Structure formats: C-alpha cells, structure tokens
Amino acid sequence: MTLQEEKIIKEWGQTLGAEIRIELTVTLDERSQAFRDFCEHLSRLAPKVRIKTEKEEEEEPPVIRIANVRYQAIPEGKELELFLSVLSDKESHVHKLPSSVREQLGRIEIPALLKIYVTPHCPFCPATVRQLLLLTEANESIKVTVIDGALFPESAQSDNVQSAPTVILDDQYRWTAAVQIPEVVDMILNRDPSRLSAASLQDMINEGDAIRVAEMMLDSGKLIPAFLELLVHEKWPVRLGAMVVFETLAAKNYKLVARAGGFLWESFSQAEDTVKGDILYLMGKSGDVGVIPKLEAVLNGPYSTDVREAASEALEELCGT
C-alpha cells in the first residue's frame, strides 16, 4: 500500500459515522496472507472498519465480502477508491442507469452470478466495475465477484480470460473490453434457467435459496443438468445442499427426480465410498423402482460395509413407496 493510498483511507475513515463490517475469508491459499494484511491495514487506518475473519481449510481463493459484492482482489489505485465507496456510500446511484434498464432489473427473479476480471493497471476496469456495482445495488439477487486476473492467473486461465475487463455471467456468457450494461441486464433477465451453471446453483443454495432452485425445476418440469453435478460433488457441504433440493423435488414430483437415476448410477462406479453412500441414498429417494436390480447388485457386491448398508437402506426406502 502506497503512502497516497494510506492517506486516501485515513481521510475516508474520518468521514465515517457508524461502524462498517466486512467479511474476510482466508483459506489454505498462500495469497490469503496478503488479503489479511490489507484488511488489517485498512482497519488500522480507518478504525471504524471492523473485519470479521473466517477460516476455511480449503485451497479456494481468499475473498473479501461486502453484501452481494465479493473481491478476489486487493483494491489499489482507482479500484481502492471504488472499494471504499462500496463500503460507505449510503446514497443510491441507481438513477444513473437508463430507465429501461431499471425496469428490467426490477423484473429479475433468478439470481445471477457475475464475475469481472480486472488487472491493476487496466484503464477501463474501474468504470466497468462501477457499472456492475450499480446492478447489485438495484437488485440484491445479482452478485458480482471482482477477480484480479494477475493475482489469480489460474482462475483467469480456467475461465479462458485473455484480456481485462472481461465479464462472465453464470459461467456461460461473456463480454470483453467495452461492456454494454443494457446487454448484460437483458441477458440476465432472458437467460434460460436450464443453462444455469453449477457454480450459480451452488451459490443460490449457499445463500438459502434451495427452495427457489427446486421451484425452477418444478415449474419447468425438467432437471437442470448442472444440478446433477452438485449431487455427486466431492465436497460434502455441496452435496448436502443439493440433496436438500432433491428431497424437496421428491416430495412434490417423483417422476421428475426419477429421471436422475441413470446419471446417479453412471456416477456411482467412479465415486469415493462416502459419495457412493449419498448416491445410493438419493437413488432410494428417487422412487425409481427401475434401480432396484442395481441396488441389489451393490448389496451383494464387493463393496465396503458402509456402502452395502446404504444400498440396503435405499432398497427399504424404495420398497416402502
């Protein structure tokens, strides 16, 4: 942090009234220390800023959270001033958006996950970030993650990002260079829910919108393909959230969840034992009697005791329906 940036923070801190709280998630990623240092420095220079730190035993990138805005970046230069304005600005700036865009924003019901890749010296990035932040202000269902592509090159490579700014919606749609916000909003409003990414669905579930995820599939009468990926995810918390959605679906439309049987069985052979047990549980909840021979094969096959017990319980569930 430069002396000029410290001065900016001090002067900004003197304008604060009430305390401001931000969330910092640090992980096993070695770059977490830089995020911790930034937040601690920020709090020292502006004492009314309180940092709530959470630790996760994962290799995921560290992140700073402010409501529905997330920073996988350490704000500096023009980005710093924008970051500070996000923290403290109580005045609404939504009126700066065209009226047609504001009208569309009011009709968005399906949560949207936007990622914007920036770099420290990108002259166009701050303006694009500012426009996206207006969207989060206008509709809390829109979440924006600001990612420093230079600090997290592996994320940029994974998303095939080659320039900044790049905006990505639900891991499906992207815009580069001169991003047209009306076009982004139109795509958010009119996108096909069945094409939602696993990351977007996972985010919805994590934010307590599991029922909404279930309702989207019940309304369409179709299983979202990315949702099936969550059911067999290697991480237990992710599977648990998806299983809650699956159980909600099963309680209202057995025929719908029965369509997951084939996918679950195909995933079974390559899964770890803990995941195998959850897959068998879901097969039992599916109401699909067609999977009974498969469950019997597992029950009598060369599997661990826990897996065979899961198969037995799934059979009992199906035979009792």
Looking at the structure I just gave you, is A199 surrounded by fewer than 18 Cβ atoms within 10 Å (Cβ to Cβ), within 15 Å of the chain's Cα centre (by Cα) and assigned to a helix (DSSP H, G or I)? yes
Would you pick out the residues in the stretch 269-298 that are crowded, with 18+ Cβ neighbours inside 10 Å and either of a type in the set (A, V, I, L, M, F, W, C) or in contact with a strand residue (DSSP E or B) (Cβ under 9 Å, 6 or more places away or on another chain) (or both)? V275, I279, L280, L282, M283, V291, L295, V298
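Restricting attention to helices (runs of 4 or more DSSP H) lying wholly within the stretch 252-321, give those where 3 or more residues are under 28 Å from V213 (Cα atoms). Write out each step before concluding.
On the way: elements: 254-258, 261-268, 273-285, 292-299, 305-319.
The helices (runs of 4 or more DSSP H) meeting that bar are 254-258, 261-268, 273-285, 305-319.
Please pick out the residue among K78, K90, K96 that is exposed (fewer than 13 other Cβ atoms within 10 Å of the Cβ), in contact with a helix residue (DSSP H, G or I) (Cβ under 8 Å, 6 or more places away or on another chain), modelled with pLDDT under 90 and within 28 Å of G17 (Cα to Cα). Lay out the reasoning, then the answer.
Numbers: K78 fails: exposed (fewer than 13 other Cβ atoms within 10 Å of the Cβ); K90 fails: in contact with a helix residue (DSSP H, G or I) (Cβ under 8 Å, 6 or more places away or on another chain).
Result: K96 is the single residue among K78, K90, K96 that is exposed (fewer than 13 other Cβ atoms within 10 Å of the Cβ), in contact with a helix residue (DSSP H, G or I) (Cβ under 8 Å, 6 or more places away or on another chain), modelled with pLDDT under 90 and within 28 Å of G17 (Cα to Cα).
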Against the definition (exposed (fewer than 14 other Cβ atoms within 10 Å of the Cβ), more than 18 Å from F263 (Cα to Cα) and not acidic (D, E)), how does P225 come out, yes or no? no
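Pick out the one residue from D203, D186, D219, D209 that is assigned by TED's automatic domain parsing to the domain that holds L113 and out of contact with any Cys (no Cβ under 9 Å at 6 or more places or on another chain).
Values: D203 fails: assigned by TED's automatic domain parsing to the domain that holds L113; D219 fails: assigned by TED's automatic domain parsing to the domain that holds L113; D209 fails: assigned by TED's automatic domain parsing to the domain that holds L113.
Going through D203, D186, D219, D209 in turn, the sole match is D186.
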Pairs with Cβ under 9 Å, 6+ apart, first in the stretch 151-163 and more than 21 Å from F35 (Cβ to Cβ), second surrounded by fewer than 16 Cβ atoms within 10 Å (Cβ to Cβ) and of a type in the set (A, V, I, L, M, F, W, C): S163/A177
Against the condition more than 19 Å from the chain's Cα centre (by Cα) and at positive phi, how does G221 come out, does it pass? yes
Just one of the numbered conditions (1) within 19 Å of C125 (Cβ to Cβ); (2) touching a residue at least 40 places away in the same chain (Cβ under 8 Å) is not true of S85; which one? (2)
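Assess whether V49 counts as being buried (at least 19 other Cβ atoms within 10 Å of the Cβ), over 30 Å from K235 (Cβ atoms) and either free of Cβ contacts under 8 Å to residues at least 40 places away in the same chain or touching a strand residue (DSSP E or B) at 6+ places or on another chain (Cβ under 6 Å) (or both). Explain how you work it out, then say what you get.
Numbers: buried (at least 19 other Cβ atoms within 10 Å of the Cβ): yes; over 30 Å from K235 (Cβ atoms): yes; either free of Cβ contacts under 8 Å to residues at least 40 places away in the same chain or touching a strand residue (DSSP E or B) at 6+ places or on another chain (Cβ under 6 Å) (or both): yes.
For V49, the condition - buried (at least 19 other Cβ atoms within 10 Å of the Cβ), over 30 Å from K235 (Cβ atoms) and either free of Cβ contacts under 8 Å to residues at least 40 places away in the same chain or touching a strand residue (DSSP E or B) at 6+ places or on another chain (Cβ under 6 Å) (or both) - is met.
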If I filter the stretch 1-28 down to residues being in contact with a helix residue (DSSP H, G or I) (Cβ under 9 Å, 6 or more places away or on another chain), surrounded by 14 or more Cβ atoms within 10 Å (Cβ to Cβ) and in a loop (DSSP other than H, G, I, E, B), which single residue comes out as modelled with the highest pLDDT? L16
When you go through (1) among the hydrophobic types (A, V, I, L, M, F, W, C); (2) at pLDDT below 90; (3) surrounded by fewer than 20 Cβ atoms within 10 Å (Cβ to Cβ) one by one for F83, which number turns out not to apply? (3)
Checking the structure you have, find out if any residue of the stretch 167-179 is in the same structural domain as L295 (by TED's automatic domain parsing), surrounded by fewer than 20 Cβ atoms within 10 Å (Cβ to Cβ), in contact with a helix residue (DSSP H, G or I) (Cβ under 7 Å, 6 or more places away or on another chain) and not in a helix (DSSP H, G or I). no
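The values are calculated or read from the model by the stated rules, or taken from the named source; none is laboratory data. These numbers were taken from a predicted model, which means no experiment stands behind them. Backbone-built Cβ (ideal geometry, glycine too); neighbour counts: all protein chains shown.
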